[in-house]
Amino acid sequence: MNYRSDIRNIAIIAHVDHGKTTLVDAMLKQSKVFRNNQMVGELIMDQNALEREKGITIMAKNTAVVYQGVKINIIDTPGHADFSGEVERVVSMADGCLLLVDSIEGPMPQTKFVLRLAMEMGLKPIVVINKVDRRNSRIAEVLKLTEDLFLELAISADQLDFPVLYASAREGTTVAELGMQGKDIAPLFECILEKVPPPKIESGPFQMLVSNLAYDSHKGKIAIGRIWRGKVAPHQPVVNLGTDGSVIHYEISEVFTYLGLKHLKVEEAEAGDIVAVTGIDKVNIGDTIASPEQPEALPRIEIGEPTVEMTFGVNTSPFAGREGHFCTTRQLRARLYRELETNLSLKVQDTDSPDTFLVKGRGELHLAILIETMRREGYEFEVSKPEAITKIVDGNLVEPVEVLTIDTKEEYLGVLTEMLNKRQAQLTDMRNDGHDDVRLVFHVPTKGLIGFRNTFSTATRGASIMNTIFLGYEPYHGDIISTRNGALVASEQGIAVTYGLNNAQGRGCTFIEPSTLVYEGMVIGLNSGPKDIAINVCKEKKKTNVRSSTSDIAIKLAPPVQLSLEQAIDFINDDELVEVTPGNIRLRKRLLTQAQRLRNISSARRSVK
Ligand SMILES: Nc1nc2c(ncn2[C@@H]2O[C@H](COP(=O)(O)OP(=O)(O)OP(=O)(O)O)[C@@H](O)[C@H]2O)c(=O)[nH]1
Ligand SMILES: [Mg+2]
């Protein structure tokens, strides 16, 4: 076996927000892959519009820098648990990883998840305690906790021998010893060169595993992955080995390698490198591209199962077709199935109704990002409340359970415990830092977390952070009764006016501004009591000739509570839908008229009797 000393392949892994993409910024900036006058800004790799808006990484991406003649291929991964499938998809390209740990938060649930994955893949880890510039950082303690995590997860003894660096990714500095004055990121590069094993290369006919796909309007599908054996060059004949056992012959068109944000067209690339190749139009992630001389498939990429599902249906609201470019069943279906090509942890199924599809994902955010992406592309559709995916194992009903970690203040303990009790949560750990900060850890069935985020941030006034991670399946804990208040529902189609909305605000809070177009059955607010109430928000004040001293004073409405897409999905009940169009997100009752809803309630009552 030979090694390539001119390359290192590393994945950057961590819990959400611990600074992975910022560290990639620092590596890119220091290795001068940009022109001197080029404005590159921050979180350079997070180029997708939604990534920029949300400030999180959604998709894993490749880049590379050169340090002292050695090319370091870098894979930036998302830290949010809902996008774990992305990490699973790409780590096999690397030989080592940088495990970032925030100097205040310390190892978090997702830190454990990604470290376990890295250990299983046999990656050589380097621990980077990041954000050491932060006041209140507790570096020694965080390092101790990280060591404990390694003790728990290491598969072989050599995995316990990991180097540690201290970084401020934001300032672009790393040091090998605490107390040293950091000046740049060179110690990190040195450590990577020294500790990450250079890629092994097998000589022989070409073989590469496809870990990612990209599209180009001229070049078509671009297959991205690591070459495990042999070499690849333009015009070389290859076969694509599909999951279904298919073997299709192609000719490679072009070969690219990475440098900074650029793709470099090359005449040849060799085992150990990460490349992008074109010319293979029926390729999927997980396929092996190989020489026809020795067409052997590499082991497939294993991706965890989805835990939540919701339906995506053709928009059936009275405003259907007004705002979207793509509104038909055929278009919706094609778009959803196309998503499966790159979104590996997603699943799509047809249902008994031809206009409705069941979409399964790794969490509410995973599904919400798909919804938002489709809406921006011009799709119009309706989605239902997410539900936890239950299964039958050995004849017993089981359901997904998650670990919920909450960082909060002592004053919110009571209210949080009460809320979570109703959601079948069990407190498994509670730590107090001796001041006011508390960390709570619960085990909660996934179904109990649906609809929790909104109430959580309201109850703790936005001052607490929650994180969840999949734990496993447990016997079904029984149903949870929804505790949400009733909805304020528009009783007529028209334009909402101040007077009508003011009436609605007498019953609860409202979600829409005056002048909003509404239809009968649209949810326009939240009642302060448990029942749904139909209200005519389009109703103008009756004109009279009599002036009263008080009623003519201009009505002052409370500003509406504007729900984001994620909040809207989190908010709705089983008998409601979210209508998603490029221009609007509306909430509605499934049954639009009050008569239908009343009939439904009475028939449900009859069937109970
Ligand atoms: N003070 C300080 N803040 C940092 C440092 N590194 C990153 N941050 C900040 O932490 C936040 C998250 O940084 P990101 O680089 O997006 O974190 P990430 O790990 O890529 O996040 P995901 O990809 O969403 O998991 C940003 O606001 C950064 O500016 C650091 O060294 N010091
Ligand atoms: Mg990131």
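The values are calculated or read from the model by the stated rules, or taken from the named source; none is laboratory data. Note that this is a predicted model, so its numbers are computed, not measured. Heads up, the Cβs are rebuilt from the backbone with ideal geometry, glycines too, and the neighbour counts pull from every protein chain shown.
Would the stretch 399-406 turn up any residue that is crowded, with 16+ Cβ neighbours inside 10 Å, in a loop (DSSP other than H, G, I, E, B) and modelled with pLDDT of 95 or more?
Initial filter on the stretch 399-406 (crowded, with 16+ Cβ neighbours inside 10 Å): 399-406.
Still in the running and in a loop (DSSP other than H, G, I, E, B): none.
No, the conditions are met nowhere in the stretch 399-406.
Select from the stretch 356-384 the residues that are farther than 17 Å from HIS325 by Cα and β-branched (Val, Ile, Thr) and write down the one among them that is farthest from the chain's Cα centre (by Cα).
THR356
Could you tell me which numbered condition ALA595 fails, if it satisfies all but one of (1) modelled with pLDDT of 80 or more; (2) exposed (fewer than 11 other Cβ atoms within 10 Å of the Cβ); (3) closer than 19 Å to ALA504 by Cβ; (4) among the small types (Gly, Ala, Ser)?
(3)
If we keep just the residues of the stretch 72-90 that are more than 15 Å from ligand 2 (Cβ to nearest atom) and at pLDDT below 95, which is nearest to the chain's Cα centre (by Cα)? It would help to see each step written out before you state the result.
Step one: of the stretch 72-90, the residues more than 15 Å from ligand 2 (Cβ to nearest atom) are 72-73, 85, 88-89.
If we keep only those that are at pLDDT below 95 too, we end up with 85, 88-89.
Numbers: GLY85: 9, GLU88: 13, ARG89: 14 Å.
Looking at the filtered set, the residue picked out is GLY85.
For the stretch 171-192, does any single residue satisfy the condition of being touching a residue at least 24 places away in the same chain (Cβ under 8 Å), surrounded by fewer than 16 Cβ atoms within 10 Å (Cβ to Cβ), of a type outside the set (A, V, I, L, M) and under 22 Å from THR21 (Cβ atoms)?
yes
Residue-by-condition table, conditions (1) in contact with a Lys or Arg (Cβ under 6 Å, 6 or more places away or on another chain); (2) within 18 Å of LEU259 (Cα to Cα); (3) outside any helix (DSSP H, G or I); (4) of a type in the set (Ser, Thr, Tyr):
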residue: LEU50; (1), (2), (3), (4): no, no, no, no
residue: THR57; (1), (2), (3), (4): no, no, yes, yes
residue: THR63; (1), (2), (3), (4): no, yes, yes, yes
residue: ILE75; (1), (2), (3), (4): no, yes, yes, no
residue: PRO78; (1), (2), (3), (4): no, no, yes, no
residue: VAL87; (1), (2), (3), (4): no, no, no, no
residue: SER92; (1), (2), (3), (4): no, no, no, yes
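Mind checking whether some residue in the stretch 6-22 is of a type in the set (D, E, K, R) and part of a loop (DSSP other than H, G, I, E, B)?
yes
Anything in the stretch 183-238 that is in a strand (DSSP E or B) and among the aliphatic types (A, V, I, L, M)? List them, or say none.
The answer is ILE201, MET208, LEU209, VAL210, LEU213, ALA214, ILE222, ALA223, ILE224, ILE227, VAL232, VAL238.
Condition (residue is crowded, with 22+ Cβ neighbours inside 10 Å and closer than 30 Å to LEU28 by Cβ) applied to the stretch 231-245: is it met by at least one residue?
Within the stretch 231-245 (the criterion being crowded, with 22+ Cβ neighbours inside 10 Å and closer than 30 Å to LEU28 by Cβ), the answer is yes, since at least one residue qualifies.
Residue by residue, here is whether (1) of a type in the set (A, V, I, L, M, F, W, C); (2) out of contact with any Cys (no Cβ under 8 Å at 6 or more places or on another chain); (3) surrounded by 17 or more Cβ atoms within 10 Å (Cβ to Cβ); (4) over 19 Å from SER246 (Cβ atoms) holds:
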position: VAL283; (1), (2), (3), (4): yes, yes, yes, no
position: PRO295; (1), (2), (3), (4): no, yes, yes, no
position: GLU302; (1), (2), (3), (4): no, yes, no, yes
position: MET310; (1), (2), (3), (4): yes, yes, yes, yes
position: GLY321; (1), (2), (3), (4): no, no, no, yes
position: LEU332; (1), (2), (3), (4): yes, yes, yes, yes
position: LEU336; (1), (2), (3), (4): yes, yes, yes, yes
position: LEU344; (1), (2), (3), (4): yes, yes, yes, no
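What's the number of the condition ALA167 fails, among (1) surrounded by 15 or more Cβ atoms within 10 Å (Cβ to Cβ); (2) of a type outside the set (Asp, Glu); (3) more than 26 Å from ASP17 (Cβ to Cβ)?
The failed condition is (3).
I'd like to know if the stretch 39-48 contains one or more residues that are modelled with pLDDT under 90 and either assigned to a helix (DSSP H, G or I) or away from ligand 1 (no atom under 15 Å from the Cβ) (or both).
Taking every residue of the stretch 39-48 in turn, at least one turns out to be modelled with pLDDT under 90 and either assigned to a helix (DSSP H, G or I) or away from ligand 1 (no atom under 15 Å from the Cβ) (or both).
Within the stretch 354-365, can one find any residue that is surrounded by 12 or more Cβ atoms within 10 Å (Cβ to Cβ), small (Gly, Ala, Ser) and either over 30 Å from GLY583 (Cα atoms) or at pLDDT below 95 (or both)?
Looking for residues that are surrounded by 12 or more Cβ atoms within 10 Å (Cβ to Cβ), small (Gly, Ala, Ser) and either over 30 Å from GLY583 (Cα atoms) or at pLDDT below 95 (or both), one finds at least one in the stretch 354-365, hence yes.
Condition first: assigned to a helix (DSSP H, G or I), surrounded by fewer than 24 Cβ atoms within 10 Å (Cβ to Cβ) and within 16 Å of ligand 2 (Cβ to nearest atom). Now tell me which residues in the stretch 101-134 satisfy that.
Going through the stretch 101-134, the residues assigned to a helix (DSSP H, G or I) turn out to be 109-120.
The next check asks that each one be surrounded by fewer than 24 Cβ atoms within 10 Å (Cβ to Cβ); those that pass are 109, 112-113, 116-120.
Selection gives PHE113 alone.
Consider VAL24 carefully, then state whether it is in contact with a strand residue (DSSP E or B) (Cβ under 9 Å, 6 or more places away or on another chain), closer than 16 Å to VAL128 by Cα and away from ligand 2 (no atom under 14 Å from the Cβ).
The answer is no for VAL24.
So in the stretch 135-157, with the set limited to residues that are part of a helix (DSSP H, G or I) and within 14 Å of ligand 1 (Cβ to nearest atom), which one is farthest from the chain's Cα centre (by Cα)? So that I can check it myself, show each step before the final result.
Taking the stretch 135-157 and keeping what is part of a helix (DSSP H, G or I), we get 139-153, 157.
When the remaining residues are screened for being within 14 Å of ligand 1 (Cβ to nearest atom), the result is 139, 142.
Details: ILE139: 28, VAL142: 26 Å.
Among them, the one singled out is ILE139.
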